[in-house]
Amino acid sequence: MTDTSHETKLTLLYIFIAFAFSIGMRLVWVYHFNGYAPFYFNGQFMINTNDGYVWAEGARDLLSGTGTNPDAKEYFDKFHQLHDLSPVSSAASQLTAFFAKILPFSFESVIFYLPVFLSSLVVIPIILIAKALKNLEMGFIAAIFASVAWSYYNRTMAGYYDTDMLNIVLPMFLLWSVIWAIKTNKDIYLLFTALDILVYRWWYPQSYSLEFSFFGLILFYTLVFDRKNVFNYKLLAIMLFAMMNTDGLVRLGFVLAAFYTFKQEKYDKYIYYILGTSIIAFFATGGFDPIWSQLKGYIFRESVSTGTKGLGLHFFTVMQTVREAGHIPFETFANRISGNTVTFVISLLGYMYLLYKHRIMLFSLPLVGLGFLAYVGGLRFTIYAVPILAFGIAFLITQIASKMPTQKLKVLSMSAFTLLVLYPNYKHIEAYKVPTVFNANEVKVLTALGKKASREDYVVAWWDYGYPIRYYADVKTLADGGKHSGSVNFPVSFMLTHTQEEAAKMARLDVEYTEKTYDFGDKNKKEIEDKNITVFSNIEQMTKDYGYKDTNEFLKSLQSDIKLPKKTKDIYFYLPFRMINIYPTVTLFSNLNLMNGDKGRQPFFFVSRNFKDIGNKIQLAQNVFLDKRTLQLTLGNKTLPIRRFVQTYYDKNMKLHKQVQVINLSSNLNIIFMKNYNTFLIVDEQTYNSLYIQLMVLENYDKKLFEPVILTPQAKVYKLKI
């Protein structure tokens, strides 16, 4: 057997073992919850990430239009149509539909297990990169370590159906192709690099930042270290053709034409002309535009001010509430990349040593840089640094093992150190028992709603639940995981946290204005493009249409009789019990002065689930007590009367009953004890009268405005009557 043959077989063996290990670790969650009914739908586990439901919706709609059914096309037109926001053109939906079509498994099984298998493919480029460095053992250790590191596992585990399942795999293949291209100067790696860019851009349109970073490093390397190498200019040119800002098939045509040209040496003398053509094509198609937009936002800190156009309304943004987008503690940063702080520091030192010994690995800097951006830009970026830092610690392990006097000690030392660095990551996997997005009972509510509502009807709910609602109920929503700007969230927040009358009017207004915006865009598309017309927000348009210059005054008018738009769509409110956990966050979006951005006084809202009965009092929190005899509330060193004490409970038929005691009408605080939920709520009068509390918690609905459709302890649905 030749050395080459042996190396190839060993490479394949390492890939197989690492791939199997990665899959096995992702099945720990499955093993733990096997048979747990609340997490199942249609006989299979449900997914555990909200965003996954948008890709699932797109894949479902694509599948509905395929097959041998002669009516399939007609069914597809009914299932997916204009403005339903279903992402049928997205790569994730298309790839999922393909797998669901060819595999003999249920659709729910495909979307649940797809991240398990696709994300595990990351071991292949890791081991192939190590092969280029002639250190397969390093690649094997790095592969199994990276595949289960905290952040990579968290975002690619079973059920975490999202674009992250290939968001590291594809750039790692790009790194592999670049390294092999530079090391070997073989034309085939020109094609591999360009095709990977095409696939990566198709899968994840935001990939241009990494692609351009790789391009910049190759350009720097060429100009400083290898200026006379024609191959490098070929690589730069074909990358630019692949990175143009135009249709993927057009870019593929340019790439194939360039590859055909580069394979013929007689054209080498024209390489500078071809490179110049690629540069012109790149800029002419706007290839630099998305990169410049990011530079303005992140480097030069430029932003669009809400106060420069129209009424200059100010809105609260989602980025102010999303943990993924904020600064994270160093310990969290280190844990998510390498398992714990010590391992992270060792990995970083090992990576620097690896760069010193193998300078070709400098091309991995874009991934490390993007991963380290997580420290200030949000924890989701940490996954980019995971495989590269895994190389660092794996390199140190193999270097230490190489000093061992015997082969047996070498293997034992590598095994021991590898198990040591894997241990904290395994313990994390063992403890990471995230729930599914919704439980089975909540999904039953949505599927039942889907049978009652038309797919043209709207469901009002907080944006967190938008994608799952669209997937299970097949209806329209006002906000979701992608459509949740401050101007979009304001009216939804307003509906959920204001009185039933105000909420009902705002719901009718927002839905009809949303539809009107769609219609205007369809009929006046050319005018919008020619005149660069921008629709700032529904709220602003409402303000102007009702004759106000101050949006706050317009909002006050909702408390009186105003003429509402003609009803064109039915509207439902989906009110889950789980929203109690985020109610204070929901209020932030509408509890502000839209004209100047000043925040209003935050409504009082307190939840207690770990309360204790200590005789005459109930301890709701460390310094919060309720006197059972006088029904007075103690907050710290203050004793306060309460306005109402309300107790709710469900009978055996799941019908809600409530007992209301009016204590002191001069007080602004109310206590609600939700017996079946084992939960106390302390809320002020404004919150008590909000639509969410009245309809979900108390089932007190205005019969002129709402009618109950589905009432369960987990979620409640009401239909708007106006």
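The values are calculated or read from the model by the stated rules, or taken from the named source; none is laboratory data. Just so it is clear, the model here is predicted, and its values are computed rather than measured. As a convention, Cβ positions derive from the backbone with ideal geometry for all residues, glycine included, and neighbour counts pool all protein chains shown. These area figures cover heavy atoms from the full protein model, side chains too; ligands, DNA and RNA do not enter into them. Shrake-Rupley method; radii C 1.70, N 1.55, O 1.52, S 1.80 Å.
Cα centroid distance between the range 217-264 and the range 384-427, in Å?
37 Å
Take every DSSP beta bridge whose two residues both sit in the chain, then give the antiparallel share in percent to the nearest 5. Intermediate values should be presented prior to the final figure.
Numbers: 42 of 52 bridges.
If I count the DSSP bridges inside the chain, around 80 percent turn out antiparallel.
Using 0.36 nm times the number of residues separating ASN616 and LEU698, minus their current alpha carbon distance, what extension gain do you get?
On the way: separation 82, 0.36 × 82 = 29.52 nm, distance 2.68 nm.
Gain in length upon complete extension: 26.8 nm.
As a quick test, which of the pairs LYS563/LYS655; LYS483/LYS549; LYS131/LYS234 have an alpha carbon distance above 30 angstrom in this structure?
On the way: LYS563/LYS655 36 Å; LYS483/LYS549 26 Å; LYS131/LYS234 24 Å.
Over 30 Å apart, Cα to Cα: LYS563/LYS655.
So, with a 1.4 angstrom probe, what is the percent of accessible area on the range 648-717 that is carbon and sulfur? Provide the component values of the computation, followed by the final result.
Values: 1490 of 3140 Å².
Here it works out to 47 percent.
With runs of 4+ DSSP H residues as the only contributors, calculate the mean residue ellipticity of the chain at 222 nm using -39,500 (n - 2.57) per run, divided by the residue total and rounded to the nearest 500. Display every interim value, and only then the final one.
Working: 32 runs with 376 residues, N = 722.
Taking each H run of at least 4 residues, the total per residue is -16000 deg cm²/dmol.
Probe radius 1.4 Å, ligands and nucleic acids left out: which of LYS544, LYS101 has the largest accessible area, and how do the rest follow? Show your work: numbers first, answer last.
Details: LYS544 95, LYS101 115 Å².
Descending order: LYS101, LYS544.
For ILE279, project a label point 7 Å along Cα to C-beta. Then give me every residue of the range 207-233 with its amide nitrogen under 18 Å of that point.
212-233
Once both axes come from the Cα atoms, what is the angle between helix 440-452 and the longest principal axis of the chain, in degrees from 0 to 90, rounded to 10?
The angle comes out near 70 degrees.
With charges only on Cβ, +1 for K and R and -1 for D and E, what is the dipole size of the chain about its Cα centre, in debye, rounded to 20? Walk me through the numbers before you get to the answer.
Values: 73 positive and 56 negative charges, 250 e Å.
My answer is approximately 1200 debye.
My understanding is that a pair violates if its Cα-Cα distance is over 21 Å; which of LYS658/LYS703; LYS452/LYS567; LYS134/LYS357; LYS183/LYS410; LYS505/LYS675 do that in this structure?
Working: LYS658/LYS703 18 Å; LYS452/LYS567 18 Å; LYS134/LYS357 12 Å; LYS183/LYS410 29 Å; LYS505/LYS675 33 Å.
Exceeds cut-off: LYS183/LYS410; LYS505/LYS675.
Could you pull out which residues in the range 186-226 have an amide N less than 16 Å from a spot 7 Å beyond the Cα of TRP292, following the Cα-Cβ vector?
The answer is 209.
Could you tell me how many degrees, from 0 to 90 and to the nearest 10, lie between the Cα long axis of helix 91-102 and the main elongation axis, the longest principal axis, of the Cα atoms of the chain?
Tilt relative to the chain: about 80 degrees.
Would you mind getting the Kirkwood hydrodynamic radius of the range 348-430 from its Cα pairs, rounded to one decimal in Å? If you can, show how the numbers build up before the last one.
On the way: mean 1/r = 0.0711 Å⁻¹.
It works out to 14.1 Å.
Can you give the FRET efficiency to the nearest 0.05 for GLN659 and GLU685, using r as the Cβ-Cβ distance and R₀ = 22 Å?
My answer for the efficiency is 0.70.
Just by accessible area at a 1.4 angstrom probe, what is the order of LEU195, LEU354 from largest to smallest?
Descending accessible area places them as LEU195, LEU354.
Considering only C-alpha atoms, what is the centroid distance from the range 344-376 to the range 533-577, in Å?
If you average the Cα positions of each part, the centres end up 52 Å apart.
So which lysines can LYS101 reach, going by Cα to Cα under 28 Å and dropping same-chain residues fewer than 8 places off?
LYS73, LYS78, LYS444, LYS451, LYS476
Report, in degrees rounded to the nearest 10, the 0 to 90 angle that the Cα long axis of helix 386-401 makes with the longest principal axis of the chain.
That helix lies at roughly 50 degrees to the long axis.
With every protein chain in place, what's the accessible area of GLU707 (1.4 Å probe, Å², nearest 10)?
Solvent-accessible area, nearest 10 Å²: 80 Å².
Each label point is 7 Å from the Cα along the Cα-to-Cβ direction; what then is the distance between the points at ILE562 and VAL250, in nm?
Rounded to a tenth, the inter-label distance reads 4.4 nm.
Solvent-accessible area per residue for the chain at a 1.4 Å probe radius, Å²? Can you show the working numbers first?
Numbers: 32840 Å² over 722 residues.
With the other protein chains kept in place, the chain gives 45 Å² per residue.
Among SER64, TYR267, LEU12, whose Cα projects farthest towards the positive end of the dipole of the chain, with charges put on the beta-carbon of Lys, Arg (+1) and Asp, Glu (-1)?
Projecting each Cα onto the dipole axis, the largest value belongs to LEU12.
Kirkwood hydrodynamic radius of the range 78-154 from all distinct Cα pairs, in Å?
Working: mean 1/r = 0.0663 Å⁻¹.
Hydrodynamic radius (Kirkwood, Cα pairs) of the range 78-154 is 15.1 Å.
Quick one: compute the contact order of the chain, relative version, from alpha carbon pairs under 8 angstrom and 6+ residues apart, as a percent.
Details: 1115 pairs, mean separation 82.3, N = 722.
RCO, the chain: 11 percent.
By accessible area of protein heavy atoms, probe 1.4 Å, what ranking do LEU217, LEU12 get, highest first?
Values: LEU217 45, LEU12 105 Å².
Ranked from most to least accessible, the order is LEU12, LEU217.
As a test of the definition: which semi-axes, in Å, follow for the range 404-464 when you take the square root of five times each eigenvalue of its alpha carbon gyration tensor? Largest first, please.
On the way: eigenvalues 595, 23, 20 Å².
Over the Cα atoms of the range 404-464, the semi-axes work out to 55, 11, 10 Å.
Given R₀ = 56 Å, FRET efficiency for SER5-LYS101 by Cβ-Cβ distance, to 0.05? Mind dumping the intermediate values first?
Values: r = 38 Å, r/R0 = 0.67.
Once the sixth-power term is evaluated, E becomes 0.90.
Given ILE469, SER413, TYR458, which one lies farthest toward the positive end of the charge dipole of the range 389-470, if we put +1 on the Cβ of every Lys and Arg and -1 on the Cβ of every Asp and Glu?
The one lying farthest along the dipole's positive direction is SER413.
State the answer as a single residue: which of ILE429, ILE397, VAL445 lies farthest towards the positive end of the charge dipole of the range 390-473, with beta carbon charges of +1 for Lys and Arg and -1 for Asp and Glu, about the Cα centre.
Positive-end residue among those listed: ILE397.
If I model a spin label at ARG601 and TYR272 as a point 7 Å from the Cα along the Cα→Cβ vector, what separation in nanometres do I get?
7.5 nm
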